[in-house]
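Novice: One structure, pasted below without further comment.
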Amino acid sequence: MARPHADRAIIWGVLALCAVGVVAVYSAVSFLAETKSGGDTERFLFRHLLRVGLALGAAGVLSLVDYRRLARVSKLALLGSLALLVAVQVMGAVTNGAQRWIELGPISFQPSDLAKVALIVHVAVLLAKKQAYIGDLGRGFAPLLAWIAPTILLIGMEDLSTAAVLSATMGAMLFVGRVRVLHMAAVALAGLVLAVGFLSSSPQRAARLEAWTGVELFASNDEAVEISAQDENYQADQARIAFAMGGVAGVGPGKSLQRDFLPAPYNDFIFAIIAEEYGLVGAGVVLFVFVWLLGRGFLRVAKNAPDPLGLFLATGLTTAVVLGGFVNAAVATGLLPVTGLAMPFVSYGGTSMIATGAMVGILLNVSRHSKTTA
């Protein structure tokens, strides 16, 4: 009997994002190449292609592994991820002022990306098991919160943007999983208070929010915060210049000028480079692909999932991937404060790229078992 095929529309959408990312990164990485490898742009392009290949490989392998088998090891995977999140607080490498990486010789990775995938899978498993009494606080919601809260807390200590996207993903899964709105609202309120605490305790985070709002919210007399806020304003201004220069049709492939002024144009602000070189048309195409993936993930894969576990997995995985793309674009356009969140399959990245590939692979496997193969 032939194996049911995965959702081809999702596959094509992912491949389109990867193609856009390769071209955009090749252009955006030139300044980094000049400063770190004497202008060897091809070296960084090769690294990006390797990571894209690993991400697509992870997606291909996991699309063939029955998602119900993954459910059996979800608890162990999440426990391992939590251990790594604790380890990064003790022995993690500091990059750009944030302690997010674990280095093992020549290999470095972000445990938060692994924890994100593990948490989505395990919460989907728990939601599926507890549907008969999901409205009960003690038996239904509390066990879920016991896994969600520490994971997001550990991630948020050094990576608030990833924690925020993961929180929104959990919210979508819990809503679809019929968790009581009152329980979710109480946790959301507590999370908001905690987020304010994280913001106020970090000069860099406070500066980002102040630069975005234009209002002095935290430690207004702190000179370090004021300098950092100026830096954040500079980034946002340079991104807006990129959009203005791009206009409708863009300045052309490889002709970006703002890549020499924007910090991390190959990662955090890759969408601004796309808008400059390909204009409103190119930026609109990228956003359309994410909207397309959202529609396929929700209206095709989740809606036609063969069981509750598949439904919850499709909901969480789709939300995490698409929301990551929207947040990155919103930062580049100034709709959100500056964050360090990569655009899935487009930005130059390592662990995040592979983790996103893993999420898409699981989503594709759910689609293989869909009630319809259309």
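Novice: Looking at this structure, is residue 56 over 18 Å from the mean Cα position of the chain (by Cα), modelled with pLDDT of 90 or more and over 13 Å from residue 264 (Cα atoms)?
Specialist: no
Novice: Can you name the residue in segment 263-286 that is closer than 15 Å to residue 247 by Cβ and in contact with a Pro (Cβ under 9 Å, 6 or more places away or on another chain) and, of all such residues, is surrounded by the most Cβ atoms within 10 Å (Cβ to Cβ)?
Specialist: 272
Novice: Also, I was wondering about something else. Scan (1) modelled with pLDDT of 70 or more; (2) aliphatic (A, V, I, L, M); (3) in a helix (DSSP H, G or I) for the single condition residue 6 breaks and write down its number.
Specialist: Of the numbered conditions (1) modelled with pLDDT of 70 or more; (2) aliphatic (A, V, I, L, M); (3) in a helix (DSSP H, G or I), the odd one out for residue 6 is (3).
Novice: For residue 355, only one of the following conditions fails: (1) in contact with an Asp or Glu (Cβ under 7 Å, 6 or more places away or on another chain); (2) in a loop (DSSP other than H, G, I, E, B); (3) open to solvent by less than 10 Å² (accessible area, probe 1.4 Å). What is its number?
Specialist: (2)
Novice: Could you say whether any residue in segment 253-268 is at pLDDT 90 or above and polar (S, T, N, Q)?
Specialist: No: zero hits.
Listed here are the residues, each with its yes/no results for (1) touching a strand residue (DSSP E or B) at 6+ places or on another chain (Cβ under 6 Å); (2) open to solvent by 50 Å² or more (accessible area, probe 1.4 Å); (3) modelled with pLDDT under 90.
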{"position": "88", "(1), (2), (3)": "yes, no, yes"}
{"position": "92", "(1), (2), (3)": "yes, no, yes"}
{"position": "98", "(1), (2), (3)": "no, no, yes"}
{"position": "107", "(1), (2), (3)": "no, yes, yes"}
{"position": "141", "(1), (2), (3)": "no, no, no"}
{"position": "154", "(1), (2), (3)": "no, no, no"}
{"position": "175", "(1), (2), (3)": "no, yes, no"}
{"position": "180", "(1), (2), (3)": "no, yes, no"}
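Novice: Only one of (1) modelled with pLDDT under 90; (2) β-branched (Val, Ile, Thr); (3) open to solvent by less than 30 Å² (accessible area, probe 1.4 Å) fails for residue 121. Which number is that?
Specialist: (1)
Novice: Check residue 76 against each of (1) open to solvent by less than 80 Å² (accessible area, probe 1.4 Å); (2) at pLDDT 90 or above; (3) of a type in the set (A, V, I, L, M, F, W, C) and name the one condition it does not meet.
Specialist: For residue 76, the exception is condition (1).
Novice: Being free of Cβ contacts under 8 Å to residues at least 40 places away in the same chain and assigned to a helix (DSSP H, G or I) is the filter here; which residues of segment 104-141 pass it?
Specialist: Within segment 104-141, 111, 126, 129, 132, 133, 138, 139, 140 qualify.
Novice: Might you check whether a residue that is assigned to a helix (DSSP H, G or I), under 21 Å from residue 23 (Cα atoms), open to solvent by 10 Å² or more (accessible area, probe 1.4 Å) and aliphatic (A, V, I, L, M) occurs anywhere in segment 298-317?
Specialist: no
Novice: Turning to a different aspect of this structure: Applying the selection to segment 263-284, what residues are among the hydrophobic types (A, V, I, L, M, F, W, C), without any contact (Cβ under 8 Å) to a residue 60 or more places away in the chain and closer than 17 Å to residue 23 by Cβ?
Specialist: If the condition is that a residue be among the hydrophobic types (A, V, I, L, M, F, W, C), without any contact (Cβ under 8 Å) to a residue 60 or more places away in the chain and closer than 17 Å to residue 23 by Cβ, then 275, 281, 283 are the ones that fit.
Novice: Suppose the filter is of a type in the set (A, V, I, L, M), more than 24 Å from residue 248 (Cβ to Cβ) and in a helix (DSSP H, G or I); does residue 291 pass it?
Specialist: Spelling it out, it is not the case that residue 291 is of a type in the set (A, V, I, L, M), more than 24 Å from residue 248 (Cβ to Cβ) and in a helix (DSSP H, G or I).
Novice: Does residue 247 satisfy the criteria of being in contact (Cβ under 8 Å) with a residue 12 or more places away in the chain and under 23 Å from the mean Cα position of the chain (by Cα)?
Specialist: So residue 247 does not fit the description; no.
Novice: For segment 151-190, give me the residue count where each residue is more than 20 Å from residue 314 (Cβ to Cβ), within 14 Å of the chain's Cα centre (by Cα) and of a type in the set (Val, Ile, Thr).
Specialist: Within segment 151-190, residues that are more than 20 Å from residue 314 (Cβ to Cβ), within 14 Å of the chain's Cα centre (by Cα) and of a type in the set (Val, Ile, Thr) number 3.
The values are calculated or read from the model by the stated rules, or taken from the named source; none is laboratory data. Because the structure is a prediction, the values reported are computed rather than measured. FYI the Cβ positions are ideal-geometry reconstructions off the backbone, even for glycines, and counts take in every protein chain you see. Areas reflect the complete protein model, heavy atoms only, side chains present, ligands, DNA and RNA absent. Shrake-Rupley method; radii C 1.70, N 1.55, O 1.52, S 1.80 Å.
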